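Chemist: If you scroll down you'll find the structure; I have some questions about it.
The values are calculated or read from the model by the stated rules, or taken from the named source; none is laboratory data. In this text, all values refer to a predicted model and were calculated from it rather than measured experimentally. Cβ placement follows ideal geometry from the backbone for every residue including glycine, while neighbour counts extend to all protein chains displayed.
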Amino acid sequence: MWTILATLAACTDPQAVPPDEVPRGEEPVVLPAPATLRRLTRAQYEATLEDLLGPGLVLPPYLEPDLAVEGLFSVGAGQASLSPYGVEQYETAAQLVASQVMGDPDRRAAVVPCTPSAPDDRGCAEDFVRSFGRLAWRRTLTEPEVTRLADVAVLAGTTLDSGDTGLEYAMSALLQSPNFLYRVEIGQGGHFDDLELASRLSYLLWGGPPDAELLDAAEAGELADPAVRRAQAERLLDDPRAKRGVRAMFAEILGLYGLDTLNKDPNVFLHFSDSLGDSAREETLWTVEQATLGDVDFRELMLSRRTWLDRTLAAVYDVPAPSRDGFGEAELPLGGNRQGLLGQVSFLALRAHPVSTSVTRRGVFVRETLLCQGIPSPPANVDTSIPESTPETPTMRDRVAVHLEDPTCATCHKITDPVGLSLEHLDGIGRYRPDDQGYAIDASGELDGETFDGLAGLAWTVHVHPAFPVCMTQHALAFAQGHVLSDGEEELVDWHAEGFVGAGWRWRELMLDLVASDTFTVAEVQP
């Protein structure tokens, strides 16, 4: 599988072969997945409110939780239901947001185009509903919708003797409507319409709603043209909000939400603190920005020594903090013991136990998340724990060797553990250790027939692995399409991955390729 891509990955020099000279066939035709209503994820909900109403709004700490499917909230959003309590939570949030906006003169002026002349000023109410509603619902409202929402404003304004209070109630209604909380992308005639395409573009590239310019292009019927979609995507990627978009995507792909509840035994890991998870997430997301939004080879994510540290992370890495307060850019020592994503706390601490490392969890991440290789599920009721350390088996490699003597365990662990063992110099929070409780560490590893030593060897092996760009393409396509990819879409993944490799592994080019494709516009409409 992926023979053409493997050849390109092994031979293509991105500096020598211009992207438009790499041969690629026609886009494969695939059966579209059923169209679904996708509820905004928590990150998308917050980003949408920020774009509409400005930063710094106070939001409830809890809303209906996101659902992860195949590790992606963006896929689970199409399957997530909304409980009665969840409806109440969104109602409370909408009321809280509306009261803050209408109580802040600057925020109010940015979104309300008029000042009510009386508590029952219907003209002002309709103007507000039309202008704000278009951005909030990501389409122009119909006249019956405008009338109903203006009725809310007039009734509330009259009852409470305040035109502004009436507008507050109308805003609250707009923000708790399914038209706001869900991405209504259901298609017509087998294709998404232009307004639906506008939302698909903006939530993919910005993690937030379309702006007025993108809505204008959609309402002009321009987004059915792949050249226009590509041009709009170029504009979106040049906007600062593109950083938010790649952060949202890779927070899901890399499972960084797990850092919210990072838990380690501070008696074992003296450099652990409650702030370590937040710091680790910020370092990784900054690294992702550098690997995706610039004119760089995305695979440098595995090798780069440039990083973004605060004092908490600098202490773990045993390097000088680049800034007394907050974060600063740093370059890790050449020839040191740390580089790239696999040398970062976000990966090393998440894929470890509260009191120890885990060669299995680290190996599973490399196999499943970076290379998209499936790992068989363990047999029911099998004991998957690694034996405790003994004088005869003092190191993790010794203990794993004993574990692998059980044939029910060996089937899976022989796939994952030789990968994770190469990272044993990095403890359960990612701090370098020269030995394991006084015993020498053998950090040799193996991945798909390639042997190597330590983090540097593993990072390079992933960097050049032909499955790495394919896997990243697969994640990006699933994120963009909002569904688990089927076997019938494998050829499409390969096609996009060929373009990714041919473009010198530039992530930006992959995104442009995705949005300009025919598949981005098609959907199976349910009867």
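Chemist: Give all pairs with beta carbons closer than 7 Å in which a residue from segment 30-48 that is at negative phi and surrounded by fewer than 19 Cβ atoms within 10 Å (Cβ to Cβ) meets a residue that is part of a helix (DSSP H, G or I) and small (Gly, Ala, Ser); count only pairs at least 6 apart in sequence or on separate chains.
Modeler: Val30/Gly488; Leu31/Gly488
Chemist: May I ask you to list the residues in segment 94-145 that are out of contact with any Phe, Trp or Tyr (no Cβ under 6 Å at 6 or more places or on another chain), closer than 30 Å to Phe192 by Cα and small (Gly, Ala, Ser)?
Modeler: Result: Ala94, Ser131, Gly133.
Chemist: Can you tell me which residue within segment 70-107, out of those that are closer than 20 Å to Glu46 by Cβ and among the charged types (D, E, K, R), is surrounded by the fewest Cβ atoms within 10 Å (Cβ to Cβ)?
Modeler: Asp106
Chemist: Restricting the search to segment 77-97, which residues are touching a residue at least 12 places away in the same chain (Cβ under 8 Å), in a loop (DSSP other than H, G, I, E, B) and out of contact with any Lys or Arg (no Cβ under 6 Å at 6 or more places or on another chain)?
Modeler: Of everything in segment 77-97, those that are touching a residue at least 12 places away in the same chain (Cβ under 8 Å), in a loop (DSSP other than H, G, I, E, B) and out of contact with any Lys or Arg (no Cβ under 6 Å at 6 or more places or on another chain) turn out to be Gln79, Leu82, Ser83.
Chemist: A further question on this structure: Name the helices (runs of 4 or more DSSP H) wholly inside segment 434-527 in which the number of residues that are of a type outside the set (Gly, Ala, Ser) and over 21 Å from Leu301 (Cβ atoms) is 1 or more. Step through it out loud before you land on a result.
Modeler: Numbers: elements: 454-464, 467-481, 490-502, 507-516.
Of the helices (runs of 4 or more DSSP H) lying wholly inside segment 434-527, those with at least 1 residues that are of a type outside the set (Gly, Ala, Ser) and over 21 Å from Leu301 (Cβ atoms) span 467-481, 490-502, 507-516.
Chemist: Looking only at segment 289-320, count every residue that is closer than 23 Å to Ile429 by Cβ and among the acidic types (Asp, Glu) and tell me the total.
Modeler: So the first thing to find is which residues in segment 289-320 are closer than 23 Å to Ile429 by Cβ, and the list is 301-320.
Narrowing the set further to residues that are among the acidic types (Asp, Glu) leaves 310, 318.
Total meeting the criteria: 2.
Chemist: Taking the stated definitions as given, is Ser486 under 22 Å from the mean Cα position of the chain (by Cα) and either in the same structural domain as Leu293 (by TED's automatic domain parsing) or modelled with pLDDT of 95 or more (or both)?
Modeler: Criteria not met by Ser486.
Chemist: Looking only at segment 183-201, decide whether some residue is within 32 Å of the chain's Cα centre (by Cα), at pLDDT 95 or above, within 24 Å of Leu96 (Cβ to Cβ) and not in a strand (DSSP E or B).
Modeler: no
Chemist: Scan segment 50-60 and tell me whether some residue there is closer than 21 Å to Glu196 by Cα and either without any contact (Cβ under 8 Å) to a residue 40 or more places away in the chain or in contact with a helix residue (DSSP H, G or I) (Cβ under 8 Å, 6 or more places away or on another chain) (or both). Write out each step before concluding.
Modeler: The first filter runs over segment 50-60 and keeps only residues closer than 21 Å to Glu196 by Cα, leaving 50-52.
Filter again for either without any contact (Cβ under 8 Å) to a residue 40 or more places away in the chain or in contact with a helix residue (DSSP H, G or I) (Cβ under 8 Å, 6 or more places away or on another chain) (or both), leaving 51-52.
Checked segment 50-60: at least one residue is closer than 21 Å to Glu196 by Cα and either without any contact (Cβ under 8 Å) to a residue 40 or more places away in the chain or in contact with a helix residue (DSSP H, G or I) (Cβ under 8 Å, 6 or more places away or on another chain) (or both).
Chemist: Tell me yes or no: at least one residue of segment 313-328 is over 29 Å from Arg508 (Cα atoms), crowded, with 23+ Cβ neighbours inside 10 Å, hydroxyl-bearing (Ser, Thr, Tyr) and in contact (Cβ under 8 Å) with a residue 40 or more places away in the chain.
Modeler: yes
Chemist: Here's another thing I want to ask about it. I'm told Asp436 meets every condition in (1) in contact (Cβ under 8 Å) with a residue 40 or more places away in the chain; (2) over 30 Å from Glu524 (Cα atoms); (3) surrounded by 21 or more Cβ atoms within 10 Å (Cβ to Cβ) except one. Can you identify the failing condition by its number?
Modeler: (3)
Chemist: Only one of these conditions is not met by Ala224: (1) part of a helix (DSSP H, G or I); (2) farther than 30 Å from Trp286 by Cα; (3) among the hydrophobic types (A, V, I, L, M, F, W, C); (4) in contact (Cβ under 8 Å) with a residue 40 or more places away in the chain. Which number is it?
Modeler: Going through (1) part of a helix (DSSP H, G or I); (2) farther than 30 Å from Trp286 by Cα; (3) among the hydrophobic types (A, V, I, L, M, F, W, C); (4) in contact (Cβ under 8 Å) with a residue 40 or more places away in the chain one by one, Ala224 breaks only (1).
Chemist: Determine, yes or no, whether Ser199 is touching a residue at least 12 places away in the same chain (Cβ under 8 Å), touching a Pro at 6+ places or on another chain (Cβ under 7 Å) and under 30 Å from Arg229 (Cβ atoms). Before the answer, list the steps.
Modeler: Numbers: touching a residue at least 12 places away in the same chain (Cβ under 8 Å): yes; touching a Pro at 6+ places or on another chain (Cβ under 7 Å): yes; under 30 Å from Arg229 (Cβ atoms): yes.
Considered against the rule, which asks whether it is touching a residue at least 12 places away in the same chain (Cβ under 8 Å), touching a Pro at 6+ places or on another chain (Cβ under 7 Å) and under 30 Å from Arg229 (Cβ atoms), Ser199 comes out as yes.
Chemist: May I pose another question? Take the residues in segment 78-131 that are modelled with pLDDT under 95 and of a type in the set (A, V, I, L, M); name whichever of them is farthest from Leu175 (Cα to Cα).
Modeler: In this case the residue turns out to be Ala80.
Chemist: Tally the residues that are in contact (Cβ under 8 Å) with a residue 24 or more places away in the chain and touching a strand residue (DSSP E or B) at 6+ places or on another chain (Cβ under 8 Å), restricting the search to segment 280-309.
Modeler: 9
Chemist: Inspect segment 125-146 for any residue being assigned to a helix (DSSP H, G or I), under 33 Å from the mean Cα position of the chain (by Cα) and polar (S, T, N, Q) and give the result as yes or no.
Modeler: Yes, segment 125-146 contains at least one residue that is assigned to a helix (DSSP H, G or I), under 33 Å from the mean Cα position of the chain (by Cα) and polar (S, T, N, Q).
Chemist: Right, here's the next one. Before we move on, is Glu283 outside any loop (DSSP other than H, G, I, E, B), within 21 Å of Asp318 (Cα to Cα) and of a type outside the set (S, T, N, Q)?
Modeler: Details: outside any loop (DSSP other than H, G, I, E, B): yes; within 21 Å of Asp318 (Cα to Cα): yes; of a type outside the set (S, T, N, Q): yes.
So Glu283 fits the description; yes.
Chemist: Now for a different question. From the set of residues in segment 22-76 that are more than 22 Å from the chain's Cα centre (by Cα) and outside any loop (DSSP other than H, G, I, E, B), which is farthest from Leu477 (Cα to Cα)?
Modeler: Leu53
Chemist: Listed residues Ala156, Ala110, Ala173; which is assigned by TED's automatic domain parsing to the domain that holds Asp51, of a type outside the set (Lys, Arg) and within 26 Å of Asp238 (Cα to Cα)?
Modeler: Ala110
Chemist: Can you find a residue in segment 229-251 that is of a type in the set (S, T, N, Q) and at pLDDT below 95? Break it down stepwise before answering.
Modeler: So in segment 229-251, the residues of a type in the set (S, T, N, Q) come out as 232.
This time we only want the ones that are at pLDDT below 95, so: none.
Checked against the condition, which is being of a type in the set (S, T, N, Q) and at pLDDT below 95, segment 229-251 yields no hits at all.
Chemist: When you look at Thr41, is it under 24 Å from Arg508 (Cβ atoms), of a type outside the set (Lys, Arg) and modelled with pLDDT of 90 or more, yes or no? Don't jump to the end; show me each part of the working.
Modeler: Values: under 24 Å from Arg508 (Cβ atoms): yes; of a type outside the set (Lys, Arg): yes; modelled with pLDDT of 90 or more: yes.
So Thr41 fits the description; yes.
Chemist: Of everything in segment 495-522 that's under 18 Å from the mean Cα position of the chain (by Cα) and among the hydrophobic types (A, V, I, L, M, F, W, C), which residue is surrounded by the most Cβ atoms within 10 Å (Cβ to Cβ)?
Modeler: For segment 495-522, the residue satisfying everything is Met511.
Chemist: Restricting attention to segment 275-301, which residues are at pLDDT 95 or above and among the acidic types (Asp, Glu)?
Modeler: Within segment 275-301, Asp278, Glu282, Glu283, Glu289, Asp297, Glu300 qualify.
Chemist: Here's a check for you: in segment 449-483, which residue that is among the polar types (S, T, N, Q) and within 23 Å of the chain's Cα centre (by Cα) is nearest to Leu204 (Cα to Cα)? Before you say what the answer is, go through the steps one by one.
Modeler: Quick first cut of segment 449-483, residues among the polar types (S, T, N, Q) only: 451, 461, 473-474, 481.
Those still in the list that are within 23 Å of the chain's Cα centre (by Cα) too: 473-474, 481.
Details: Thr473: 14, Gln474: 14, Gln481: 9 Å.
Looking at the filtered set, the residue picked out is Gln481.
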